[in-house]
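Enquirer: Submitted below is the structure of interest, expressed as structure tokens.
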Amino acid sequence: MDDERRLRMLECPAGQIDMVLDTDAYNEVDDQYAISYAVHASEKLCVKAFYAAPFFNKKSSGPADGMEKSRREIRHILALAGREEYPVLAGSREYLPDEKTPVDSEAMRDLCERAMQYSPERPLYVVAIGAITNIASALLAAPEIAERIVIVWLGGNALHWPDNLEFNCRQDVAAARVVMDSGAPLVLLPCKGVVSAFTTTGPELEYWLRGKNALCDYLVDHTEETANAYAKGRVWSRPLWDVTAIGWLLNEEDRFMLSSIVPTPIPEYSHHYSRDLRRPPCRMVYHIYRDALLADLIEHITK
């Protein structure tokens with residue numbers, strides 16, 4: 001793909017677009033907001049499928065358990081939103097064993113097949129807000145889809161951050177390397193140093209979301225319970241990191257965030273980025289207009 005075409009595909013899309021959302025929904029509180037935002041922004045976003053992503057931390061016994069819990073949580077959020085018609089597909093039960101071997105899953109096969117219905121002029125937007133294992137597996141299994149998709153990934157930290165020990169990226173560095181070497185147009189939303197600015201608080205959620213609908217009440221309860229587990233009686237705020245990936249798709253005229261074109265960085269197994277100015281360009285977000293994005297999220301999910 002030449003740079004002229006790549007740069008066109010890296011512009012914020014105009015008009016209605018098709019997308020899939022790959023999410024480790026059970027891992028944190030922010031995925032639930034991102035799912036809710038995506039299905040309520042139907043004036044622009046046509047969600048074709050949800051993919052459950054693997055994760056492993058204290059909330060799961062391993063990547064497979066994390067993926068299954070995430071699939072159930074996606075369905076739970078869709079039920080609360082009254083939008084149970086969406087396909088929710090199982091993702092990988094393990095991380096990539098290396099940079100050459102795809103991991104088979106329903107999500108991987110769906111993306112391989114679905115992406116072939118699109119083109120550089122009308123790409124499928126693949127939004128990933130967890131370990132990017134499912135997307136990397138699809139690119140390994142069907143490299144030709146790279147020119148038919150735009151990947152929007154919340155992963156890694158800012159280039160100026162001293163390390164790249166961000167949860168989504170550090171879980172499967174091999175997958176991150178595959179995606180960033182694939183040639184697919186890529187939009188990166190770095191976590192620490194950029195998206196970490198997109199936070200909310202309990203009083204704010206109570207004022208704007210409480211009592212609006214069953215979904216909003218669940219989001220408030222879940223966020224407050226999670227925060228109170230470590231900060232009860234103290235001041236706290238929570239980043240809603242994953243919302244920003246949906247926000248970028250709605251970012252006409254830079255109303256929610258600012259970004260620039262940079263050479264695609266290289267994720268290293270030492271959990272740092274290497275840089276090579278000869279690499280293909282990607283788009284990297286460097287600033288979030290927190291209030292504007294939060295207001296738009298609230299407006300959509302309280303409908």
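Enquirer: With the checklist (1) more than 20 Å from residue 166 (Cα to Cα); (2) over 19 Å from the mean Cα position of the chain (by Cα); (3) loosely packed, with under 14 Cβ neighbours inside 10 Å in hand, flag the one item residue 80 doesn't pass.
Expert: Status for residue 80: all satisfied but (3).
Enquirer: Return the pair list, or none, for Cβ contacts closer than 8 Å from residues in the stretch 218-230 that are touching a residue at least 40 places away in the same chain (Cβ under 8 Å) to residues that are assigned to a helix (DSSP H, G or I) and among the polar types (S, T, N, Q), at least 6 apart or on different chains.
Expert: 218/32; 219/32; 219/36; 222/32
Enquirer: Now, a different point. Quick check, is residue 89 in contact with a helix residue (DSSP H, G or I) (Cβ under 7 Å, 6 or more places away or on another chain) and within 19 Å of residue 127 (Cα to Cα)?
Expert: Criteria met by residue 89.
Enquirer: Scan the stretch 102-113 and tell me whether some residue there is hydroxyl-bearing (Ser, Thr, Tyr), under 26 Å from residue 171 (Cα atoms) and crowded, with 17+ Cβ neighbours inside 10 Å. Break it down into steps so the answer makes sense when it comes.
Expert: First, pick out the residues of the stretch 102-113 that are hydroxyl-bearing (Ser, Thr, Tyr): 105.
In the following step, the residues that additionally are under 26 Å from residue 171 (Cα atoms) were identified as 105.
Those left that are additionally crowded, with 17+ Cβ neighbours inside 10 Å: 105.
For the stretch 102-113, residues hydroxyl-bearing (Ser, Thr, Tyr), under 26 Å from residue 171 (Cα atoms) and crowded, with 17+ Cβ neighbours inside 10 Å: present.
Enquirer: Of all the residues that make up the stretch 255-284, how many are without any contact (Cβ under 8 Å) to a residue 24 or more places away in the chain and not basic (Lys, Arg)?
Expert: Going through the stretch 255-284 one residue at a time, the tally reaches 5.
Enquirer: Answer yes or no: is there a residue in the stretch 285-303 that is free of Cβ contacts under 8 Å to residues at least 24 places away in the same chain and farther than 28 Å from residue 203 by Cα. I'd like the intermediate steps shown before the answer.
Expert: The first filter runs over the stretch 285-303 and keeps only residues free of Cβ contacts under 8 Å to residues at least 24 places away in the same chain, leaving 291, 295, 299.
Next, from what is left, pick out any that are farther than 28 Å from residue 203 by Cα: none.
Checked against the condition, which is being free of Cβ contacts under 8 Å to residues at least 24 places away in the same chain and farther than 28 Å from residue 203 by Cα, the stretch 285-303 yields no hits at all.
Enquirer: For the stretch 147-183: of the residues being in contact with a Ser or Thr (Cβ under 7 Å, 6 or more places away or on another chain) and within 24 Å of residue 58 (Cβ to Cβ), which is surrounded by the most Cβ atoms within 10 Å (Cβ to Cβ)? First the steps, then the outcome.
Expert: To start, the set of residues in the stretch 147-183 that are in contact with a Ser or Thr (Cβ under 7 Å, 6 or more places away or on another chain) comprises 148, 154, 172, 175, 180.
If we keep only those that are within 24 Å of residue 58 (Cβ to Cβ) too, we end up with 154, 172, 175.
Details: 154: 31, 172: 28, 175: 29.
So the residue we want is 154.
Enquirer: Next question. Between residues in the stretch 158-174 that are in contact (Cβ under 8 Å) with a residue 24 or more places away in the chain and residues that are surrounded by fewer than 20 Cβ atoms within 10 Å (Cβ to Cβ) and of a type in the set (Asp, Glu), which pairs lie under 9 Å by C-beta distance while being six or more apart or on different chains?
Expert: 164/268; 173/268; 174/98; 174/99
Enquirer: Additional query: Could you tell me which numbered condition residue 92 fails, if it satisfies all but one of (1) over 20 Å from residue 282 (Cβ atoms); (2) surrounded by fewer than 24 Cβ atoms within 10 Å (Cβ to Cβ)?
Expert: (2)
Enquirer: Filter the stretch 177-205 down to the residues that are charged (D, E, K, R) and more than 30 Å from residue 144 (Cβ to Cβ) and list them by number. Break it down stepwise before answering.
Expert: Here is the first cut: in the stretch 177-205, the residues charged (D, E, K, R) are 177, 181, 192, 204.
Once the filter is applied, which keeps residues that are charged (D, E, K, R) and more than 30 Å from residue 144 (Cβ to Cβ), the stretch 177-205 yields 192, 204.
Enquirer: Kindly provide the set of residues from the stretch 111-126 that are in contact with a strand residue (DSSP E or B) (Cβ under 6 Å, 6 or more places away or on another chain) and under 13 Å from residue 151 (Cα atoms), ordered by number. Even if it seems obvious, please write down each step before you answer.
Expert: Pass one, the stretch 111-126, residues in contact with a strand residue (DSSP E or B) (Cβ under 6 Å, 6 or more places away or on another chain): 115, 118, 123-126.
Within the stretch 111-126, 115, 123, 124, 125, 126 meet the criteria.
Enquirer: What residue, of 47, 20, 29, is touching a strand residue (DSSP E or B) at 6+ places or on another chain (Cβ under 8 Å), among the β-branched types (Val, Ile, Thr) and without any contact (Cβ under 8 Å) to a residue 40 or more places away in the chain?
Expert: On the way: 20 fails: without any contact (Cβ under 8 Å) to a residue 40 or more places away in the chain; 29 fails: without any contact (Cβ under 8 Å) to a residue 40 or more places away in the chain.
Criteria check complete, one pass: 47.
Enquirer: Another question about this same structure. Tell me, which residue of the stretch 196-217 that is aliphatic (A, V, I, L, M), in contact (Cβ under 8 Å) with a residue 40 or more places away in the chain and in a helix (DSSP H, G or I) is farthest from residue 300 (Cα to Cα)?
Expert: Going residue by residue through the stretch 196-217, those that are aliphatic (A, V, I, L, M) are 197, 205, 209, 214-215.
Applying the additional criterion that residues be in contact (Cβ under 8 Å) with a residue 40 or more places away in the chain yields 197, 209, 214-215.
Applying the additional criterion that residues be in a helix (DSSP H, G or I) yields 197, 214-215.
Numbers: 197: 21, 214: 14, 215: 12 Å.
Per the stated criteria, the residue is 197.
Enquirer: Among the charged types (D, E, K, R), surrounded by fewer than 23 Cβ atoms within 10 Å (Cβ to Cβ) and in contact with a Leu (Cβ under 7 Å, 6 or more places away or on another chain): is that true of residue 11 in this structure?
Expert: no
Enquirer: Among the listed residues 66, 82, 15, identify the single one that is of a type outside the set (D, E, K, R) and part of a helix (DSSP H, G or I). Show your work before the answer.
Expert: On the way: 82 fails: part of a helix (DSSP H, G or I); 15 fails: part of a helix (DSSP H, G or I).
Answer to the check: 66.
Rule-based calculations on the coordinates, nothing more; no lab input. Remember, it's a predicted structure, so these values are computed and weren't measured experimentally. When we count neighbours, we look across all protein chains shown, and the Cβ atoms used for this are built from the backbone with ideal geometry, even at glycine.
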